[in-house]
1. Taking H as built 1.01 Å from N, whose amide H comes closer than 5 Å to the amide H of Tyr224, not counting residues under 5 places away?
2. Only Lys, Arg, Asp and Glu count, each charged at its Cβ (+1, +1, -1, -1), so figure out the dipole size of the chain about its Cα centre, rounded to 20 debye.
3. Say the dipole of the chain comes from +1 at the beta carbon of Lys and Arg and -1 at that of Asp and Glu; which of Ile273, Ser372, Gln29 then lies farthest toward its positive end?
4. When ligands, DNA and RNA are left out and all protein chains stay put, how many square angstrom of accessible area per residue does region 231-321 have with a 1.4 Å probe?
5. If you plug each phi of region 372-384 into the Karplus form 6.51 cos²θ - 1.76 cosθ + 1.60 with θ = phi - 60°, what whole-Hz ³J(HN,Hα) values come out, in order, with x for Gly and Pro?
6. From the helices alone, meaning DSSP H stretches of at least four residues, give me the mean residue ellipticity at 222 nm for the chain, per-run term -39500 (n - 2.57), in deg cm²/dmol to the nearest 500.
7. If you place +1 on the Cβ of every Lys and Arg, -1 on the Cβ of every Asp and Glu, and leave all else neutral, what size is the dipole of region 254-303 about its Cα centre, to the nearest 20 Debye?
8. Quick check: the angle from helix 355-371's long axis to the longest principal axis of the chain, C-alpha only, nearest 10 degrees?
Amino acid sequence: MFIAQQSSLIDTQKIGEIVSTINLTTHQQKYLEDFITRYNQKTKISKQLSQAHRPFLADNKTFVDFHIPLKEIFYPIVTNRSSGCKIWDVDGNEYIDLVMGFGVNLFGHNPPFIKEALAAQLEKGIQLGSQAEIIGEVAQLICELTGMERVAFSNTGTEAIMTAIRMARTVTGRKKIVIFSNSYHGHFDGTLGKVKIIDDNLQTVPIALGIPSSFVEDILVLKYGEQESIEAIANNAQDIAAVLVEPVQKENLDLQPQAFLQQLRKLTKESGIALIFDEMVTGFRIHPGGAQAWFGIEADIAAYGKIVGGGIAIGIIAGKANFMDAIDGGMWNYGDLSSPDQKTTFFAGTYCKHPLALAAAKAVLEHLKTQSFTLQNQLNQRTTKFVKTLNNYFDQERLPIQLTNFGSLFGPVYSENDSEEDAGNPDISLAYNLLYYHLLDQGIMLRGNGGFLSTAHTDEDINQIIQAVKNSISKLREGEFLP
């Protein structure tokens, strides 16, 4: 079936017709046609599978936007094997992976110590509905590394954030939640709000279709890192249950506002507002104690996942006992008249405390405890050096690109006008997307326009990435897509 489709999926004439729909020079058009044809040949099975699966599979996981001129290369690379920092596709191509499971794979793909823990648990079985033997050890390790007092387990980061908000509302008796623009807290309807001017008034509205406005009416969306946001919280403090923070936003890595967070902590503590840190990405990556330890700030509740699951889905809600007690009523003992005496909210999930996730988490946490901050510190420094090397190259070549990093997560520096300029200049957007595809063609798999370094990336791998960037820039200049 796939072989029969190959000729129709790689049709040079059709590619030329599609490319010609935009205003390109003859040279640009010829270059783009040749690149698309070559890329199609190199990744032909990925393209065939994408076409074959599309009638049945609804999938929005893409790293670049859909553009008609690039339609013929708009498909995911289908992979079938991974090890260390490498990943291999169904066409046999090898890539240095910088997606790293969206931040999951701090130790690279398939690290032996996690693999062994999973194999050992599989031998014991997957017992759901009963209490896992190691759950207390895992909870204690999380508390030890993060400084939190109690822990509960969910399946995903979205669930963890949803539960953290529910606990905050239960304990404070208030409804309103503060989030910040450009932050991401999963796909729970109750956090999917944005600010829009309606009838000359700022209002919170859903970010997409299908989200009832009633779900976001108790959300206050403020600007991150701005003094006016501190004032807005102070003015509405009596109604606010929680302030939800992504300490360093994945879409704005250059903003690392320690002083703002310190002000926020002081205000929320004085006002009886729960401070919730979304540490899905920063947790255990920037420091064993996450962004809280890095910035020297104690949140009331924090949500973790990704790294700690070792590749198995997990969500963790950790926090101070007075908030976490809303899960089970609080501490009590056998042999006396004590009982759960705190007000509780609803919490459930069939796959919470999954034995495989707990086995992987225990292995990860013990490994992090043994390594201490040395692991993160060395990786943070290597990433900073990597970013500095690329930025020096961009400066030398007078390219309008700058990268930044927060620990081992790196991405572009955006100005306030970047998105508007890109939207108004299709040439810029096309060039950025082409850079992504050229890097794929060179064997480098990015998370859009950034990514994660892991402990599995060697100096040789990093040098190969840098060279691939230089080669891609050179090729785009040959095609006259960059000056």
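The values are calculated or read from the model by the stated rules, or taken from the named source; none is laboratory data. These numbers come from a predicted model, not from an experiment. Ideal geometry is used to build each Cβ from the backbone, glycine not excepted, and the neighbour counts take in all protein chains shown. Surface areas here come from the heavy atoms of the whole protein model, side chains and all, with no ligands, DNA or RNA. Shrake-Rupley method; radii C 1.70, N 1.55, O 1.52, S 1.80 Å.
1. Amide H neighbours of Tyr224, under 5 Å, 5+ apart: Ser181.
2. Charge dipole of the chain: 760 debye, to the nearest 20.
3. Positive-most Cα among the choices belongs to Ser372.
4. Accessible surface, normalised per residue, equals 30 Å².
5. With the stated coefficients, region 372-384 comes to 6, 6, 4, 4, 5, 4, 5, 5, 4, 5, 5, 5, 4 Hz.
6. Per the formula, -13500 deg cm²/dmol.
7. Values: 4 positive and 6 negative charges, 21 e Å.
Charge dipole, region 254-303, about its Cα centre: 100 debye, nearest 20.
8. For 355-371 against the chain, the angle is about 90 degrees.
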